[in-house]
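Any read-out appearing in this document is the output of simple, stated calculations on the displayed coordinates, not a laboratory observation. Given the structure is predicted, the values throughout are model-derived calculations rather than measurements. Because the Cβ atoms are built from the backbone with ideal geometry, glycine has one as well, and the counts that use them run over all protein chains shown.
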Amino acid sequence: MRLGLDVGGTKTDAVAMAPNGTIVARARLATGWGADAVVRTILDAVAALRADPALAAADIRSVGIGIPGRIEPGSGRVEHAVNLGVETLDLAAAVAPVLGVAVRVENDVKAAALGAASLRGAAQSMGYLNLGTGIAAAIVTDGALWRGARGGAGEIGHLSIDPAGPVCRCGQRGCIEALAGGGAVSARWGKPGALPIRDVFDAADAGDPVAVRLRTDLARGVAAAIRVLVLTADVDTVVLGGGITTLGTRLQGEVAAHLDASARESAFLRSLQLVARVEILPVGAPAAALGAALIGAEAAGEREVVSRG
Ligand SMILES: [Zn+2]
């Protein structure tokens, strides 16, 4: 049995994965704030899974953890997980001795990409584009994550596509994240509300010119990210995930309109059939936790394999 945890800013999603890749138990709990509380949340989540009848007498071989922030490849150390109140944390070293099994830590978007590929059950290459507070992507080819030389493959949120665009938190102008990231869009909208991106879409539907511009920029940024993923790695499919995708077909329609507009101007882009290659991850799918379980299996010296879920 392999356990996988997705430690998010508000909640932690944990799954137990059987050797055939199916999920046999799932637990969700609130994530604590700060390094000590994050460690406690992880230990509590593992205890919750172990208490599940489906895991009675099961042999737990590994624990994989997906978490926001920068992860030194192979180190188990998390840095700059600002949404969790963690500046630096040697996470594997903190939890592995208590759990008594191999622990592997990976960036949450990379874990979600691997899990999404497993849930789709398809052997083709896949780009995963996470649309949350920030924008990041990851690529799965031949059932394995493409991490890059320093683990930074897929950080396309800070690709500038508009030199005259809004200033990004990274210091550049017109980054994909500055146009399409939930945090940047909320800041530009500047009105209170629990669901600011939904508010922007609602106001745009009602004809508010500021909201229309923000929605257009958001779709423009997502469309650019999709083009980058297909043109760089020729991934068969781009799967959209993250909080903004709860807008579902409203988001997909705006993005498709941008992709269609560029296809009308370019026979080359038309030939890529981008609209048909975009999917939205089903809301609530445990992609990141499942991907973390697959990555945890690597810790025991077994290469992660995308299996039919
Ligand atoms: Zn940037």
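Listed values, structure above:
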item	result
Within the chain: Cβ-based charge dipole about Cα centre, in debye rounded to nearest 20 (Lys, Arg +1; Asp, Glu -1)	180 debye
Protection-proxy order for peptides 176-185, 139-148, 120-129, each taking the mean of Cβ atoms within 10 Å per residue, highest first	176-185, 120-129, 139-148
5 angstrom amide H check on Thr31, placed H, neighbours 5+ away	Lys11, Thr12
D (Stokes-Einstein, µm²/s), Kirkwood Cα radius, the stretch 73-208, 0.890 mPa s at 25 °C	142 µm²/s
Charge dipole of the chain about the Cα centre (unit charges at C-beta), most positive-ward option of Gly76, Gly148, Gly174	Gly174
Helix-only [θ]222 nm of the chain, DSSP H runs n ≥ 4, -39500 (n - 2.57) each, per residue, nearest 500	-12500 deg cm²/dmol
Peptide ranges 210-217, 65-72 listed from the most packed, as the mean C-beta count within 10 angstrom indicates	65-72, 210-217
Listed residues Val222, Val98, Val230, most fluctuating in the chain (Gaussian network, C-alpha, under 10 Å)	Val98
The stretch 42-200, relative contact order [Cα under 8 Å, separation at least 6], %	14 percent
Part-to-part distance (alpha-carbon centres) for the stretch 174-222 and the stretch 44-72, which is given in Å	37 Å
Length-normalised contact order of the stretch 189-269 in % [C-alpha pairs under 8 Å, at least 6 apart]	24 percent
Rough spin-label spacing in nm, given labels placed 7 Å along Cα→Cβ, for Asn20 and Thr246	3.4 nm
Over the stretch 108-192, relative contact order from alpha-carbon pairs under 8 Å, at least 6 apart, %	23 percent
Taking the convex hull of Cα positions in the stretch 1-52, its mean projected area over all directions (nm²)	3.2 nm²
Label point 7 Å beyond Cα of Ser271 along Cβ direction - residues of the stretch 232-246 with amide nitrogen under 19 Å	232-237
Scattering curve values for the stretch 200-309, log₁₀ I(q)/I(0), Debye with Cα scatterers, q = 0.17, 0.18, 0.24 Å⁻¹	-0.91, -0.97, -1.29
Reciprocal mean inverse distance between Cα atoms of the stretch 1-110 - Kirkwood radius, Å	13.7 Å
Rounded, prolate or oblate (a/c below 1.5 giving rounded, otherwise prolate when a/b exceeds b/c) for the chain by Cα gyration tensor	prolate
